Amino acid sequence: MLDLRQVRRVFDTKPWAAHLYVTEQCNLDCHYCNEFNNSIPHPALADLKKWMDHIRKLDVMRLGLQGGEPLKHPDIVEVVRYAKCVGFCKVSMSTNGFLLNRQLLADLEGAGLDELQISVDRMTPIASTRKAMKSIVHKLDWFKDSKVKLNVSGVLFKETLDEMGQVIDTCLDLGIPVGARVVHDDLVHDRALRDASASEPLLRFLEHQEKLKRSGQKIHSTWNLFAYQKKMLRQEPVEWTCIAGYKYFFVSSTGKFWLCSQVRTERHILEITREDLLSYNRKKDCQAGCGVYCTAQASLAVSHPLQYAGREVAGMLASQVSRMRRGKPERIRDLTAAQQDEAPFYEAPAAAASFGSRCQQGNCLR
């Protein structure tokens with residue numbers, strides 16, 4: 001939910017959010033990712049502070065700390081502390097969680113971090129992605145008494161379909177908000193990452209998440225984003241204006257101004273003015289089928305605020321009714337069991353199916 005200050009950003013001409021790459025180095029090498037480069041040194045803390053000062057002077061309200069893997073930066077706690085000191089109303093971070101420990105979480109909380117998103121693609125690692133639940137599941141309990149809000153997010157593509165259901169069920173069993181979004185294409189290297197043959201299974205998986213959300217489960221997505229992804233997979237047109245570079249922009253670990261993670265410029269953030277941002281308030285050639293969901297979702301809200309709000313309210317009301325009726329199903333495994341005639345995208349062997357319950361008993365895989 002947005003506070004009143006953020007609601008105003010939907011209607012005014014000021015920037016809303018920015019993502020700052022505190023490093024482009026990463027400890028993993030997921031095949032779909034183009035947002036890491038281990039040859040680039042960590043930016044100096046003094047430079048990050050100057051960039052945050054300028055981003056704030058542009059009137060940005062929300063700051064997301066990105067990588068690479070942001071926890072690799074030696075001064076990450078001070079980066080968070082400074083971001084809160086200069087007045088960002090919300091400071092979040094995305095991580096694979098491998099480098100997180102109890103003390104670091106406590107330090108990030110003390111510095112004022114509002115939200116942490118841990119990216120998990122499967123229960124077990126494979127060559128294309130090593131972001132596996134078995135590597136971080138024992139850390140999820142650390143957030144029970146933490147002020148840092150946790151959510152788990154996975155990248156949904158052909159190679160993760162078989163285990164993503166178990167990831168979602170495990171998080172729901174533990175009471176953790178979770179969601180999976182369809183992989184976006186790599187525009188930087190001109191790689192098409194969406195496999196057309198997997199469109200139908202991906203659609204069904206999105207619909208299963210919708211059903212869980214409607215039944216009151218903690219699926220971390222908006223109704224608008226579900227609708228957008230389904231139209232994208234069906235190659236149906238969506239009427240909207242991309243606000244990348246205008247209300248939502250990215251800053252690289254070398255201080256370069258990027259419209260989003262996939263559309264980059266060579267201009268330095270310290271050169272960017274409010275007039276520059278306003279010039280990007282226009283449709284983009286690349287917006288059809290865009291999978292940079294943070295930008296797409298904000299664009300939908302700004303382009304059609306009443307329609308956006310109406311869909312969210314309708315979804316919340318449907319969820320309330322379902323909960324009063326104690327609607328089912330409650331897990332991905334329930335949905336797949338009820339649809340035996342469909343081509344399977346999620347199978348839960350006996351050992352894997354009981355993973356979540358074993359975690360609750362403290363017998364987590366390491």
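The values are calculated or read from the model by the stated rules, or taken from the named source; none is laboratory data. Just so it is clear, the structure is predicted and the values come from calculations on it, not from any experiment. Don't worry about glycine lacking a Cβ; one is built from the backbone with ideal geometry, like all the others, and counts go over all protein chains shown. For the accessible areas, the whole protein counts, side chains as well, though only heavy atoms, and no ligand, DNA or RNA atoms are used. Shrake-Rupley method; radii C 1.70, N 1.55, O 1.52, S 1.80 Å.
Using a simple spin-label model with points 7 Å from Cα along the Cα→Cβ vector, what separation in nm is obtained for D334 and D162?
According to this spin-label approximation, the distance is 2.7 nm.
Report the dimensions of the stretch 1-94 along its three principal axes from the alpha-carbon atoms, largest first, rounded to Å.
Extents along the principal axes: 40, 30, 20 Å.
Rounded to whole Hz and in sequence order, give me ³J(HN,Hα) for the stretch 150-164 from the Karplus expression 6.51 cos²θ - 1.76 cosθ + 1.60, θ = phi - 60°, writing x for Gly and Pro.
Karplus-based 3J(HN,Hα) across the stretch 150-164 equals 10, 9, 10, 9, x, 9, 9, 8, 3, 7, 10, 4, 6, 10, 5 Hz.
Cut-off 10 angstrom, C-alpha nodes, Gaussian network model of the chain. Which of L187, L116, L150 fluctuates the most?
Top of the fluctuation ranking is L187.
Choose one answer from H220, H31, H73: the residue with the largest mean-square fluctuation in a GNM of the chain with alpha-carbon springs under 10 Å.
Of the options given, H31 has the highest mean-square fluctuation.
Jot down the radius of gyration and Dmax of the stretch 57-170, Cα atoms only, both in angstrom.
According to the Cα coordinates of the stretch 57-170, Rg and Dmax are 14.9, 46 Å.
For D276 and S197, FRET efficiency with R0 = 45 Å and r from the beta-carbon atoms, rounded to 0.05?
0.60
Compute the relative contact order of the stretch 220-277 as a whole-number percentage, counting only Cα pairs closer than 8 Å that sit 6 or more residues apart in sequence.
It comes to 20 percent, rounded to a whole number.
Could you list, in their original order, any pairs among K158/K284; K84/K284; K49/K131; K72/K147 whose Cα atoms are separated by more than 25 Å?
K158/K284; K84/K284; K49/K131
Can you give the accessible area per residue of the chain, in Å², using a 1.4 Å probe?
On a per-residue basis, 45 Å².
So, in nm, how far is label H138 from label R5 when the simple model puts each one 7 Å beyond its Cα toward the Cβ?
Spacing of the two 7 Å Cα→Cβ label points: 4.0 nm.
Which percent of the accessible area of the stretch 82-167 is formed by carbon and sulfur heavy atoms (probe 1.4 angstrom)?
On the stretch 82-167, the fraction of accessible area on carbon and sulfur atoms equals 47 percent.
With every protein chain present, what accessible area does K218 have (1.4 Å probe, heavy atoms only), rounded to the nearest 10 Å²?
Counting only protein heavy atoms, the figure is 110 Å².
Find the all-direction average of the projected area of the Cα convex hull for the chain, expressing the result in square nanometres with one decimal place.
17.8
Pulled fully out, how much extra length does the chain show between D173 and K84, if you take 0.36 nm times their separation in residues and subtract their Cα-Cα distance?
28.8 nm
Sum up the lysine pairs in the stretch 201-259 that clear both bars: alpha-carbon distance under 25 Å and a spacing of 8 or more or different chains.
Count of close lysine pairs: 9.
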